[in-house]
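As structure tokens, the structure follows; a few thoughts come after it.
The values are calculated or read from the model by the stated rules, or taken from the named source; none is laboratory data. If you're wondering where the values come from, they're calculated on a predicted model, not measured in any experiment. Cβ placement follows ideal geometry from the backbone for every residue including glycine, while neighbour counts extend to all protein chains displayed. When the accessible area is computed, the model is the full protein with side chains, heavy atoms only, and any ligands, DNA or RNA have been set aside. Shrake-Rupley method; radii C 1.70, N 1.55, O 1.52, S 1.80 Å.
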Amino acid sequence: CSRRICPGIDVAERILFLAISRLLWAFTVHELPTEPISLEEYEGTSGRTPVPYRVNLYPRHERVHATLEVEQEISRCEL
């Protein structure tokens, strides 16, 4: 019995890469001072999912907001 794979997995992986790389390009990620991130604790029984945590995102430079707004407007026009 063979397993079928989702035909759209390549597209999904590329979209995830673009979204994550855009976040890393635009923002620095910092833990909350009152809520340190612990990668020692896991939820569930598989031991693969870290306990959820919250972070602050800070723009890497002052033009991030303007750049993202321009790109959003361009993408609206292309639809």
Practice prompt. Note down the accessible area of Leu18, probe 1.4 Å, to the nearest 10 Å².
Written response: 110
Item to complete: For Glu31 and Glu71, calculate 0.36 nm times their separation in residues minus their Cα-Cα distance, and state this gained length in nm to one decimal.
Response: 11.6 nm
Response to the item:
So for R0 = 25 Å, FRET eff. of Ala12-Val64 from the Cβ-Cβ r, to 0.05, ends up at 0.45
Worksheet entry | Relative contact order of the chain, defined on C-alpha pairs under 8 angstrom at six or more residues apart (%) | 27
Response to the item:
Checking the chain for GluC sites (Glu not before Pro) in a loop per DSSP with at most 14 other beta-carbon atoms within 10 Å yields Glu40, Glu41, Glu62
Worksheet entry | Counted charge near Ile20, where neighbours are those whose Cβ lies closer than 12 Å (Asp, Glu -1; Lys, Arg +1) | +1
Fill in: Charge dipole of the chain about the Cα centre (unit charges at C-beta), most positive-ward option of Leu57, Leu68, Ile37
Leu68
Practice prompt. Could you pull the Cα extents of region 1-70 along its three principal axes, largest to smallest, in whole Å?
Written response: 55, 35, 12
Discussion item. Give me the net charge for the shell around Pro52: Cβ to Cβ below 12 angstrom, other residues only, Lys and Arg +1, Asp and Glu -1.
Written reply: -2
Worksheet, complete the sentence: The answer for chymotrypsin sites (Phe, Trp or Tyr not before Pro) in the chain that fall in a DSSP coil and have at most 13 neighbouring Cβ atoms within 10 Å is Tyr53
